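Worksheet: the structure to be examined is printed underneath.
A short reminder: the numbers here are calculations on the coordinates, not readings from a lab. Owing to the predicted nature of the structure, the values given are computational and were not obtained by experimental measurement. Here Cβ is always computed from backbone atoms with ideal geometry, including for glycine, and neighbour counts include all displayed protein chains.
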């Protein structure tokens with residue numbers, strides 16, 4: 001638990017919790033489709049693809065906010081690596097579990113894989129200050145620039161292979177159930193870090209007061225709890241949903 005000198009900001013936890021709720025609703029709908037209860041195209045319909053982009057953006061942005069708080073509170077590298085190992089380990093479990101369910105499109109570089117890499121990059125960039133804003137913009141622009149490279153230079157096809165497509169500099173999306181490459185998502189995390197540093201530098205007391213006020217709103221406390229246990233919840237929610245749908249299929 002954080003000490004009084006390293007407070008936990010409930011507002012950030014609740015924002016992360018909101019991302020988790022939205023993600024759960026999205027995955028619940030995906031599972032409905034997978035088990036035949038819903039007809040939907042999660043890979044091509046903008047209603048679903050844009051939601052997926054928004055959910056990942058919110059999730060990654062919150063990770064950047066979290067790094068801003070960690071750096072501001074003097075988090076040691078040892079504690080950073082301890083948390084990082086949990087994320088990397090969970091990423092490997094996701095790959096194994098998805099290979100069991102979707103061997104032809106298993107997750108080899110999904111959101112947790114991307115987060116593990118991006119956290120290292122962003123942590124190393126945490127001291128560059130305002131440069132995080134243009135660096136984030138450059139990271140967001142790189143996939144578009146890569147498309148121009150692919151159109152002009154056939155040898156760029158190498159970037160579409162699995163050995164390099166984790167960079168995100170691709171001309172076509174790989175066949176996988178989840179894909180969160182370094183670019184453009186590192187740009188979103190950079191902006192989350194920059195935003196967090198700006199707020200902590202100029203409005204830390206206001207953020208603390210706002211967090212305290214939100215903590216008094218009972219319906220929002222559940223979001224804060226989810227935000228504090230986001231990794232555990234992320235790892236458990238899909239197995240629980242899939243198990244429930246599997247039991248329902250057996251019962252039918």
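How far, in nm, would the chain grow between residue 144 and residue 102 when pulled straight, counting 0.36 nm per residue and subtracting the alpha carbon separation?
Details: separation 42, 0.36 × 42 = 15.12 nm, distance 2.93 nm.
Taking 0.36 nm per residue and subtracting the Cα distance, the gain is 12.2 nm.
With a Förster radius of 41 Å applied to the C-beta separation of residue 152 and residue 28, the computed FRET efficiency comes to 0.45. Full extension of the chain segment joining residue 198 with residue 92 gains 34.8 nm, where the gain is 0.36 nm per residue of separation less the Cα-Cα distance.
Each of 62, 195, 85 was scored by other Cβ atoms within 10 Å of its Cβ. Listed from fewest to most, they are 85, 195, 62. For the stretch 1-123, the square roots a ≥ b ≥ c of the C-alpha gyration tensor eigenvalues yield an a/c of 1.5 or more together with a/b exceeding b/c, which makes the shape prolate. Projected label points at residue 250 and residue 216, each 7 Å from Cα along the beta carbon direction, are separated by 4.9 nanometres.
Using alpha carbons only, how many angstrom separate the centre of the stretch 2-75 from the centre of the stretch 76-146? Using only Cα atoms to place each centre, the spacing works out to 14 Å.
One entry in (1) 19.6; (2) 24.6; (3) 18.5 is Kirkwood radius over Cα pairs in Å calculated from the shown coordinates; its label is (1).
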